[in-house]
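The values are calculated or read from the model by the stated rules, or taken from the named source; none is laboratory data. Keep in mind the model is a prediction, meaning the values are calculated, not measured. Don't worry about glycine lacking a Cβ; one is built from the backbone with ideal geometry, like all the others, and counts go over all protein chains shown. The protein model used for the area step is the full one, side chains on, heavy atoms only, and it has no ligands, DNA or RNA in it. Shrake-Rupley method; radii C 1.70, N 1.55, O 1.52, S 1.80 Å.
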Amino acid sequence: LNDFHIFLSQAAPVLKEAREPLAASTHKEDRRYYVPASGRPKIAERTDKELKAIYDRFLTSGLYEAFLVASISSFETFLLKVLRVIVSDYPGKLSISVAGVNACKTAPVATVFESASLEDAQETIIAEHLSGVFYAQPKAYLEYSKKVIGIECEDEAFEHYLEMKATRDLLVHNGGIVNNVYASKAGKHARGKTGQKLTVDSVYFEHCVAALKRIAGIIKRDSEKSFPVRKKPNQISAPVRV
């Protein structure tokens, strides 16, 4: 998450500098730009004015929209990895259920008989169950994750996550235009009314990164507290550097 922010903060000034000559350009004719395509390479034509508009769009919102989607994906990958480690060591966690996420009480016969070992079958069952968890509503899989990890604190960052996840869904599926689905997902932190286009700029992106880091920190803290690392009998502690 820090890498995303560092990259954007470094890239934005460079892009703004590259935009400046376009703003002052008096060139009226199209310039030719290579673009990928199936088969032989293609050429797209843009005037300097049109190219400046592209820079404007991405510097204002486009880059932040794309990196918001990537940041949420990165966070979800992290959360999934944490859950997989915990449930693999404590398979009894598969019996946990919350509203919107059912407990894993059975396994397909094919999974059991087609696996090379009981351990392989267990890994497959866990992977498939957790993959299904993330198809639930964000509120449901957050509550499920809290139960598995042992998170008992109530932090507003979790509520902000619901709004930013709803924003992400709008960007991907509705061009960033608020609809009734967004309002129901975002709750009290909803940032717009039906028909409005949500703002995703540098300020909002920084807010999202901060909230995601806050949640990740809580997950790390409480998972380490609930499930301390268990040393193997032959594991020798490394010398401490001072």
**Fill in**
Scanning region 28-56 for residues that are open to solvent by less than 80 Å² (accessible area, probe 1.4 Å), among the hydroxyl-bearing types (Ser, Thr, Tyr) and farther than 30 Å from Thr167 by Cβ gives Tyr33, Thr47
**Asked** Cβ-Cβ below 8 Å, separation at least six or inter-chain, first residue in region 63-75 and under 21 Å from Ile219 (Cα atoms), second open to solvent by 30 Å² or more (accessible area, probe 1.4 Å) and not aliphatic (A, V, I, L, M): which pairs?
**Response** Leu68/Arg168; Val69/Arg168; Ala70/Phe4; Ser71/Phe4; Ile72/Arg168; Ser74/Phe4
**Request:** Search region 57-78 for residues being within 20 Å of Asn174 (Cβ to Cβ) and touching a Lys or Arg at 6+ places or on another chain (Cβ under 8 Å), and hand back the single one that is surrounded by the fewest Cβ atoms within 10 Å (Cβ to Cβ).
**Result:** Val69
**Message:** Contact list please: Cβ distance under 7 Å, first residue in region 100-121 and at pLDDT 75 or above, second residue open to solvent by 100 Å² or more (accessible area, probe 1.4 Å), pairs at least six apart or on different chains.
**Reply:** Gly100/Gln137
**Request:** State all residues of region 79-93 that are surrounded by 15 or more Cβ atoms within 10 Å (Cβ to Cβ) and over 15 Å from Glu119 (Cβ atoms); if no residue qualifies, say none.
**Result:** Leu79, Leu80, Val82, Leu83, Ile86, Lys93
**Message:** Looking only at region 154-180, filter to residues that are touching a helix residue (DSSP H, G or I) at 6+ places or on another chain (Cβ under 8 Å) and among the charged types (D, E, K, R); which one of those is least open to solvent (accessible area, probe 1.4 Å)?
**Reply:** Glu163
**Item:** Failed condition for Ala183, given (1) of a type in the set (A, V, I, L, M); (2) crowded, with 20+ Cβ neighbours inside 10 Å; (3) at pLDDT below 95
**Value:** (2)
**Complete:** When region 191-233 is checked residue by residue, the ones that are assigned to a loop (DSSP other than H, G, I, E, B) and out of contact with any Ser or Thr (no Cβ under 9 Å at 6 or more places or on another chain) are Lys193, Thr194, Gly195, Gln196, Phe227, Pro228, Val229, Arg230, Lys232, Pro233
**Prompt:** Looking only at region 128-142, which residues are more than 13 Å from Ala103 (Cα to Cα) and either open to solvent by 80 Å² or more (accessible area, probe 1.4 Å) or in contact with a Lys or Arg (Cβ under 7 Å, 6 or more places away or on another chain) (or both)?
**Reply:** Tyr135, Gln137, Pro138, Lys139
